[in-house]
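Data first, discussion second: the structure below is written as structure tokens.
Every number in this text was worked out from the coordinates using simple rules, so none of it is lab data. Note that the structure is a prediction, hence the values are computed from the model and not measured. Backbone-built Cβ (ideal geometry, glycine too); neighbour counts: all protein chains shown.
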Amino acid sequence: MRRLRRNKLAMAGGVVIVLLCLVAIFADALAPLPYTKTNFGRLNEGPTRTYPLGTDQLGRDLLSRMIYGARVSMLVGLGAQLIVVSIGVPIGALSGYLGGRADIVLTRIIDVMYAFPRLLFVILVMSMLGAGLMNIFIAIGLTGWVGIARQVRAQVLALKEKEFVDAARGLGAGFTRLLGRHILPNALTPIVVAVTFGIPEAIFTEAALSFIGVGINPPTPSWGQMVGEGQQFIRSYWHLCVFPSIAIAITMLAFTFFGDGVRDALDPKLK
Amino acid sequence: MSRPRITDAQMDLLAERLSAGGLGRRQFLQIAAGLAAMGAAGFNARPAAAAPKLAAGEKLAKDQHLRIGGGGWWQNDPSSHDFNKDLYCNGVPALWAGLMKFNADFQPVPNVAEKVSSNADGSMWTFTIRKDSKWSDGSPCTAKDFEWSWKRQMDPASKNPYSSYFYDIKGAEAFNKSKVTDASQVGVRAKDDWTLEVTLEGPRGYFPVLSAYLAALPAHRPSVEKHGDKWTEAGNLICNGPFTLESWEHNKVMVLRKNKHFIGAKDVTLDKVTIPIVPVQTGALPYENNELDMTSLQTGDLRRMREDPRMKGQVFRYPFPGTWYLTPQVTKPPFDNVKVRRAVAHAIDRENVVRVADGFAVPAHAMIPPGFPGAVDDKKIRDIQRFDPKAAMAQLKGTPFEGGKNWPKITLTMREEGYGSKPLAEAVQSVLLEHLNMKTELEVLEQRVFRAGLWKNDYQLVWIRWFMDYPDPHNEYFDTFYGKKTEGKRQAWVNDAFDKELEAGRDTRDTKKRLVNYAKAEEILQTDAGYIPVAWVARWAAAKPTVRGLEKNKLGENVVEGNIYFDMLPHLYIVEKA
């Protein structure tokens, strides 16, 4: 923790993340206007006092839409990681712990999943399930667990040969206890790191999906969708895609810096 | 000679042939309308000359160079220019000249043929070819060339996906299906260099229509035999149209030169045409940077260009009659309740909704856009679905949704499409929320997926458009809303009184009476809220003030090159800057 606190970039990232979470949670209170509120008299306006970031094609307040967009992004980031962890960790742990034939089968499955181009696979799943927030969780979750599963497997493989595990086994610890109490807690570091990097990846995937129109259905705002709709107007109405792009960029940076910090802080080699 | 009568059975065949040639029903109907409107001269009506008609004080520019493209035109590199072998090559039609061509009103007129005649029942056609018909290398382009080209297209070895296009020709089908291997059995014969005789399977009064389409263009035999698949590359290509292909840098640019051997060369003014291959996303940028003289416009750029005092005179609308509307599915709640449908109709704030389309839509109060036969503009019809939020809420009284409450989950479905269609749909969502407190989710589906569900009448609420195929109300009402259609039915809504009006309109020849039928049909349709008209389509292109010579159709609108009419470039010319 101390090392993490000393890392200024990581701390800055952390602060941004906390702020984003607050914005996402209190979107209803923070947004000056509801995100569906249109004003057909003031379409595509640049930033003014009433509309600090301007209005979109339907005369909706861009700032309010971005605030609600933060909610979607954070939900996707956390929700998808929850699925990723709950699929990836057990599979990786089982594969590493059991070894033998079970390991071979599970690793092959992981390899096959790994061989698919990630985004294409997500798009495929989305087109089967249809657009929507829940489906994005599922699509990203279903495709994102392989990385974490591999890392957990590697950790478990190494840990299960350790003396303290042998000792626990010798003392009569069962399968669940061994894995749950002794092995996994020691494998936590790579999981935490993978999750901190997985969140921005999920956010970015959602943005990409919404950008190409298979993500979140309108009128729910999402940053990717806003960029996607705004980019064709960049020469006429620059603000439509510039502001949400900045939001995506800042979020990505914040998570990446924070993730880097966490990794460094937990890396025993850097002690 | 008068042209042989074309029976309904023959029209069905024509539709089949054209669809083999990749033309949809829509294009068939356009052509059919052109046929119906043809005068006494029949297929031999003289095409309008392409020569410039300069206004007083105007001078032709020395440099007759046109740069055209962008905004969706030529956004992909053509696979070749060999329309004779591959109709879908996406090449430049202006390199070629067929026996006939379509004019700006979609009527077939003679081109390389100077005269077309038939026997009494139309089972044998004779095309008399102009003696000055030449290839771009100066050699004569004769009836033999057309015979060879058409047979090349029918040859099973060429594996054309649209070879059935010519199945009207005697023996063509057997030859194409390898049942007959002797090409001389096929009913196309060059009687001499200037006479092409075509013997058909039976009376086909429409045959000249087929010969006017891209699929009937010729190919240059010596080049094909010498260069194989590479024969339409610049440098190899020998053609017979208004232009030749000077250079073609793949995925980059094509340059056309005037073909001095073209039959109509004296009327062609442009000397050089440059067609860059640019993705649609670049929008109007190349045009604004003065890299193009003419371009198609997309929503992002139109308003800015019209507000720009230097540009606004260059932007023009071109005919694209179409209507955006909503279909509430009468089999799905809550739209099974006519009161809900009427409430929705009253809640659509059309004036405001169209604003988001940035010029690509105008408010609509009926199916047929103004200026077209059958357009209605009386107050009675305007009032049926007028925007009136109070009336909208009042409709909900006594329904489970009174006061805009208890709405079930409602999905608004549309297809993926440009030209401002999604913002329009979102604006519709927004007015429904504002005036009826009706929350909707917008689902944007890929074309084919969308259509499959549409025809199954699967969707609850549909955002959809109809692009007019030919200027007759029959097209706007019958092909869209007729209840007894067995396939391609866009909605579950059926109304017998409505169908009766349509049938009466179809079976009457008296124009005035027909229009009364169709006005009545519109009234029934709107009263029952079988559909809710929202906006009429507008499309735009831009051309530099020095570009002149766009042909106008009967309605007086500039006609821009499309997939039936491809006679635009020979008509264009450049004038000196004023």
Seminar exercise, completed: Restricted to pairs 8 or more residues apart or on different chains, the lysines in region B:351-444 with C-alpha atoms under 19 Å apart form a number of pairs equal to 8
Exercise. Check B:ALA361: other-chain or 5+ apart residues with amide H under 5 Å from its amide H, H built from backbone geometry?
Worked result: B:ALA538
Problem set entry | Sorted by Cβ density within 10 Å, fewest first, the residues B:HIS474, B:HIS571 | B:HIS474, B:HIS571
Problem set entry | Under 22 Å from the Cα of B:LYS53 - lysines, other chains or at least 8 residues apart | B:LYS62, B:LYS101, B:LYS258, B:LYS260, B:LYS266, B:LYS272, B:LYS544, B:LYS552, B:LYS554, B:LYS577
For this session: Work through the residues other than A:GLY59 whose Cβ is under 15 Å from its Cβ and net out their charges, Lys, Arg +1 and Asp, Glu -1.
Result: -3
For this session: Using +1 at the Cβ of each Lys and Arg and -1 at the Cβ of each Asp and Glu in chain B, identify which of B:ALA157, B:VAL547, B:PHE450 lies farthest towards the dipole's positive end.
Result: B:VAL547
For this session: With +1 on each Lys and Arg Cβ and -1 on each Asp and Glu Cβ, and nothing else charged, work out how big the dipole of region A:158-250 is about its Cα centre, in Debye to the nearest 20.
Result: 240 debye
For this session: Go through B:ILE532, A:ILE110, B:LEU285 and say which Cα lies farthest out towards the positive end of the charge dipole of the protein assembly as shown; charges sit on Cβ, +1 for Lys and Arg, -1 for Asp and Glu.
Result: A:ILE110
For this session: Per DSSP H run of at least 4 residues, take -39500 (n - 2.57); add these up for the protein assembly as shown, divide by its residues and hand me the 222 nm value, nearest 500 deg cm²/dmol.
Result: -12500 deg cm²/dmol
Problem set entry | Test item: Cα-centred dipole of chain B, Lys/Arg +1 and Asp/Glu -1 on Cβ, debye | 580 debye
Seminar exercise, completed: Nearest-0.05 FRET efficiency for A:ARG169 and A:PHE26 at R0 = 51 Å, using Cβ-Cβ distance, is 0.55
Problem set entry | C-alpha center-to-center spacing [region A:8-44, region B:40-118] in angstrom | 56 Å
Seminar exercise, completed: Protection proxy (average C-beta count within 10 Å per residue), highest first, orders A:76-83, A:233-240 as A:76-83, A:233-240
Exercise. What ranking do B:LEU424, B:LEU433 get, fewest neighbouring Cβ atoms within 10 angstrom at the top?
Worked result: B:LEU433, B:LEU424
Problem set entry | Packing rank of B:127-133, B:207-213, where each peptide gets the mean count of other beta carbons within 10 Å, highest leading | B:207-213, B:127-133
Problem set entry | Selection from B:TRP148, B:ILE31, B:VAL344, by position along the positive dipole direction of the protein assembly as shown (Cβ) | B:VAL344
For this session: Determine which aspartates and glutamates satisfy two conditions relative to B:LYS512: a Cα distance under 19 Å, and not lying fewer than 8 residues away in the same chain.
Result: B:ASP377, B:ASP378, B:ASP472, B:GLU476, B:ASP499, B:GLU501, B:GLU503, B:GLU522, B:GLU523
Seminar exercise, completed: In the neighbourhood of B:GLU114 defined by beta carbon distances under 12 Å, the net charge of the other residues (Lys, Arg +1; Asp, Glu -1) is +3
Exercise. How would you classify region B:352-392 from its alpha-carbon gyration tensor, with a ≥ b ≥ c the square roots of the eigenvalues: rounded for a/c under 1.5, else prolate if a/b is greater than b/c, otherwise oblate?
Worked result: oblate
Problem set entry | Local net charge near B:ILE368, Cβ-Cβ under 11 Å (Lys/Arg +1, Asp/Glu -1) | -4
For this session: Could you state the angle between the C-alpha long axis of helix B:143-154 and the longest principal axis of the C-alpha atoms of chain B, as a value from 0 to 90 degrees rounded to the nearest 10?
Result: 50 degrees
Problem set entry | Part-to-part distance (alpha-carbon centres) for region A:193-271 and region B:280-330, which is given in Å | 32 Å
Problem set entry | Cα-centred dipole magnitude for the protein assembly as shown, charges only on beta-carbon of K, R (+1) and D, E (-1), debye, nearest 20 | 1480 debye
For this session: Kindly identify region B:38-178 as rounded, prolate or oblate by the Cα gyration tensor criterion: order the square roots of the eigenvalues as a ≥ b ≥ c, call it rounded if a/c is under 1.5, otherwise compare a/b with b/c, prolate if a/b is larger, else oblate.
Result: oblate
Exercise. B:THR546 to B:ARG317: FRET efficiency via 1/(1 + (r/R0)^6), r the Cβ-Cβ distance, R0 25 Å, to the nearest 0.05?
Worked result: 0.80
Problem set entry | region B:491-564 and region A:84-103: distance between their alpha carbon centers, rounded to Å | 64 Å
Exercise. Please state the relative contact order of chain A as a whole percent: Cα pairs under 8 Å, 6+ residues apart?
Worked result: 26 percent
For this session: Mind jotting down a quarter of the surface of the convex hull over the alpha carbons of region B:109-198, in square nanometres, one decimal?
Result: 6.5 nm²
Exercise. Averaged over B:427-433, how many beta carbons belonging to a partner chain fall within 10 Å of each residue's beta carbon?
Worked result: 4
For this session: Work out, step by step, the length gained on full extension between B:LYS485 and B:THR195: first 0.36 nm times the residue separation, then minus their alpha carbon distance; give nm to one decimal.
Result: 100.0 nm
Problem set entry | In region B:532-578, GluC sites (Glu not before Pro) in a DSSP loop with at most 12 other beta-carbon atoms within 10 Å | B:GLU576
Exercise. Do you know the relative contact order of region B:490-536, to the nearest whole percent, from alpha carbon pairs under 8 angstrom that are 6+ apart?
Worked result: 35 percent
Problem set entry | Residues B:HIS346, B:HIS81, sorted so that the one with the fewest Cβ neighbours within 10 Å comes first | B:HIS346, B:HIS81
